[in-house]
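Encoded as structure tokens, the structure appears first; notes follow it.
The values are calculated or read from the model by the stated rules, or taken from the named source; none is laboratory data. Note that the coordinates shown come from a computational prediction; the quantities given were computed from them, not determined experimentally. Here Cβ is always computed from backbone atoms with ideal geometry, including for glycine, and neighbour counts include all displayed protein chains.
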Amino acid sequence: MAMRWVAIVMGGLLAACSNPETDKKIADMEARLVALEEKSKGARPGAPAVADDPGEEAATELLKAANSAFEAQKYDDAKAKLAELTEKYPNTKAAKSSARLSGELVVIGRPAGELAVAEWLQGKTDFSQGNATLVVFFEEWCPHCKREVPKLEATYGKYKGKGLNMVGLTKLTKGGTKEKVMALLNENKVTYPVAQEQGQALSDNFGVRGIPAAAVVKGGQIVWRGHPAKISDAMIEGWIGG
């Protein structure tokens with residue numbers, strides 16, 4: 001039980017402020033903890049041996065296939081794999097772990113709506129600007145957000161003249177203030193528009209449950225959702241050139 005609580009607590013921390021490398025490490029650690037827990041159960045005197053579950057293995061493979069399809073932006077394939085996973089293996093750990101991917105998939109194709117904000121902290125824009133808009137959800141207290149901010153500025157500098165629009169959105173949570181956000185932006189020489197979200201509407205519409213998070217709006221629709229570290233030059237060039 002103690003090992004399982006470790007995995008749960010770490011997962012909660014990850015949801016608040018995450019990055020892809022840490023996601024994978026946590027997932028691998030959780031799998032090892034679960035395996036050790038199951039092994040310890042079987043090692044008790046008189047306890048039955050715990051056999052490998054072929055259903056769990058098949059479910060894991062389906063989840064991997066769904067993630068690969070999502071990263072390749074083959075969203076119909078990703079949805080099909082997740083549907084097969086939840087239909088055939090609804091009670092597996094893989095099915096429970098598919099919630100994040102499902103949450104990102106469900107917003108693809110959804111209308112982005114208006115970029116209604118409480119206050120612009122720097123610059124101003126809307127979803128009609130450029131060929132595509134990269135939306136970044138962040139908080140100044142999040143260490144992984146701080147790592148992505150300068151990278152995103154470099155991306156903006158490289159592609160803003162080629163049709164990329166960008167906006168950063170913050171809720172000023174956990175004691176965050178405009179002054180702290182501006183200090184972060186100034187320290188990293190961030191030039192793209194940044195605003196304070198108006199309530200929860202934008203985060204909800206874009207399916208944001210953890211930060212940093214990113215999305216791309218094109219033609220008034222959400223065409224991509226994920227972690228900003230997963231965005232490549234090839235992806236950006238496809239969005240602004242397509």
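Here is how the numbers come out for the structure above:
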{"read-out": "Residue count, region 179-218 (criterion: more than 21 Å from residue 70 (Cβ to Cβ) and basic (Lys, Arg))", "value": "2"}
{"read-out": "Number of the condition not met by residue 149 [criteria: (1) more than 25 Å from residue 100 (Cβ to Cβ); (2) modelled with pLDDT under 95; (3) of a type in the set (A, V, I, L, M)]", "value": "(1)"}
{"read-out": "Listing of helices (runs of 4 or more DSSP H) fully contained in region 42-146 that carry 1 or more residues being β-branched (Val, Ile, Thr) and modelled with pLDDT of 95 or more", "value": "none"}
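Conditions tested, residue by residue: (1) crowded, with 18+ Cβ neighbours inside 10 Å; (2) over 18 Å from residue 151 (Cβ atoms); (3) touching a helix residue (DSSP H, G or I) at 6+ places or on another chain (Cβ under 8 Å).
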{"residue": "179", "(1), (2), (3)": "no, yes, no"}
{"residue": "184", "(1), (2), (3)": "yes, no, yes"}
{"residue": "212", "(1), (2), (3)": "yes, no, yes"}
{"residue": "215", "(1), (2), (3)": "yes, no, no"}
{"residue": "226", "(1), (2), (3)": "yes, no, yes"}
{"residue": "232", "(1), (2), (3)": "no, no, no"}
{"residue": "240", "(1), (2), (3)": "yes, no, yes"}
